[in-house]
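Everything on this sheet refers to the single structure shown next.
Values in this text are rule-based calculations from the coordinates and carry no lab data. These figures come from a predicted structure and were not determined experimentally. Reconstructed Cβ throughout: ideal geometry from the backbone, glycine too, with neighbour counts over all protein chains shown.
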Amino acid sequence: MSAWIRQHGQALLQGLRKLSVLNALVIGVALSLPAAGYALIESLRPAGERLALEPRISLFLEPQARRTEVEALGARLRADRRIASVRFVPREEALKEMSEVQGLSEVIGALGRNPLPDAFVVTSKQDIAGELAKLPGVAHVQADAAWARRLAAAAAIAQLGVAVLAALLGAALVAVTFNTIRLQILTQRDEIEVSKLLGATDSFIGRPFYYLGLLQGLVGGVVALAIVGAALGLLNREVRVLAESYGSNFRFGFLPLSEAGLLVLLAGALGWVGAWLSVGRQLREIEPR
Amino acid sequence: MVKFSAVAKRYPGGQEALQDVSFSLEAGELAFLTGRSGAGKSTLLKLIPAIERPSAGSVVVNGQNVASLKRAAIPYLRRNIGLVFQDQKLLYDRSVFDNVMLPLAFSAHAPKEAARRARAALDKVGLLGREKANPIQLSGGEQQRVAIARAVVNRPAILVADEPTANLDAESAQRILEIFVAFNQVGVTVLIASHDRSLVERYGKRVLRLEGGRIA
């Protein structure tokens, strides 16, 4: 047991000695791209989801509409089978909602009187906005369905893009590790050949290289996180200025800790796979003659 | 200890290196293998640690038939065979001491025990004072003695040496052979290939003569 631990300790140390900062940096830069993309999408998701739940249509009524007219319209909307839900928003409530939005309360306070009309908010999966606009008492119809759909589609495209990027750069990580270890094995060809003659097993000879692949991946993952952290920090400085001018405290968030950890582990695993592919091939080719 | 039965070795391309070779070495025996270069000495020696496999016949080492040994079992066979080559195969990126330590790394000895064994092996070949030197600083004879120390550090039952004295002057060559004889006296089975018949005959030991791939 202690011999086993000692042999692994020595292999780990040898792997550590062979670790090249430059290779870890290459892997880190490659991985930082999908990681940053993921962090950006995750930060934007809450904003997107709020808009893209159910396609909503807002019906703004004529300012001078009478109570009975409004009630008749409400009854008609509720009777319509294509409409999933109907919510009446009286002008007072609309004003209250709006004054809760940061930065707008002062504007509304300055107005003196309520400029907002009564409104119905209906949800429907069908495109009936044009039809609703013709109903009596309706002044204006706003359907956010179309651009909510567009936003959702854009988000899906961005997510797919990040996924493709992650897969490509993950493959690049395996290839980089494969090649690093191939070259490393070639430079140690003499030592490997002599070790085989003296009775070293393939797993003993390969062990430092497995550790090298694993460590290179892990360090690459950490480098990627550092790059993403630094880039988001820089970005947020500018975003803060922009967001504050809109009264928002929006910031791009760093990857959640669990996902950051997962990235590092995954990078390590891919490095190990690269090493495994490389060692398996190379060690068979180096046979003493 | 080593038994060849009707062994033949054909290399790809049809070249017949060995034909119908049969002999056996008893435990604790020392024998020389002579013959001109090209007679098949190196090929014969390479069959013992399974560097090459026979095309026909059987090679039994320490009770194991090397011809049918699985790839994964070969390292364990080699740990019991000390190999010495004409070109030493030392590693020049490390000290004499670390060269001798190499086989101990994968046979799981405690570090102190390993260092003790390496020093003992260097002592037996008379190089204890040079353990910190790089092999490149040593003479040819001294380098060959480092290779012998490395071959015996795991205390193998069999020592196989391929032309260990070929590139050495007469005095160094004799010293090397005396080291082999000393190991044989403590019970190690030794097989030494050499083309130098006058050197071999001086010891009055058993001589196997190869001619054109056959035992003459």
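Odds and ends about this structure:
- Net charge of neighbours whose Cβ lies under 12 Å from the Cβ of residue A:287, counting Lys and Arg as +1 and Asp and Glu as -1: +3
- Set of lysines with alpha-carbon distance to residue A:125 below 24 Å, sequence-local pairs under 8 removed: A:134
- Counting only DSSP beta bridges with both residues in the protein assembly as shown, the antiparallel share comes to about 65 percent.
- Applying a DSSP loop filter and a limit of 13 other Cβ atoms within 10 Å to the trypsin sites (Lys or Arg not before Pro) in the range B:116-184 leaves B:132.
- Shielding by partners for peptide A:185-192, expressed as the average number of C-beta atoms from other protein chains within 10 Å of each residue's C-beta, is 1.
- Nearest 10 degrees, 0 to 90: helix B:170-185 Cα axis against chain B principal axis: 80
- Principal-axis tilt of helix A:257-285 within chain A, Cα atoms, nearest 10 degrees: 30
- Angle between chain A longest axis and helix A:67-79 axis [Cα atoms, degrees, rounded to 10]: 50
- Of all lysines in the structure, those lying under 18 Å Cα to Cα from residue B:46, and not within fewer than 8 positions of it along the same chain, are A:196, B:3, B:9, B:70, B:89.
- Charge-dipole axis of the protein assembly as shown as Lys and Arg at +1 and Asp and Glu at -1 on Cβ define it, positive-most pick from A:176, B:174, B:42: B:174
- Euclidean distance between Cα centres, the range A:118-160 to the range A:249-278, Å: 39
- Put simply, the Cα atoms of chain A extend 101, 41, 32 Å along their principal axes, the longest span coming first.
- Rh (Kirkwood; distinct C-alpha pairs) - chain B, Å: 17.7
- Total formal charge among the other residues, if their Cβ is under 11 angstrom from that of residue A:117, Lys/Arg +1 and Asp/Glu -1: -1
- Residues residue A:155 and residue A:6, FRET efficiency given R0 of 56 Å [Cβ-Cβ distance, rounded to 0.05]: 0.60
- Legend: mean number of C-beta atoms from other chains within 10 angstrom of residue C-beta atoms, peptide B:108-120, equals 1.
- Contour minus Cα-Cα distance for residue A:76 and residue A:20 (0.36 nm per residue): 12.9 nm
- MRE, 222 nm, helices only [DSSP H, n ≥ 4, -39500 (n - 2.57), over chain B, to nearest 500]: -9500 deg cm²/dmol
- Three-way shape label, the range B:170-209, alpha-carbon gyration tensor, a/c 1.5: oblate
- Most tightly packed first, judged by the mean number of other beta-carbon atoms within 10 Å of their residues, the peptides B:71-78, B:16-23, A:218-225 read A:218-225, B:16-23, B:71-78.
- Residue B:64-residue A:257 FRET efficiency (beta carbon distance; Förster radius 51 Å; 0.05 resolution): 0.40
- Beta bridges assigned by DSSP with both partners in chain B are antiparallel in approximately 45 percent of cases.
- In Å, descending, principal axis extents of the Cα set of the protein assembly as shown: 130, 47, 36
- Positive-end residue of A:2, B:77, A:157, charge dipole of the protein assembly as shown with Cβ unit charges: B:77
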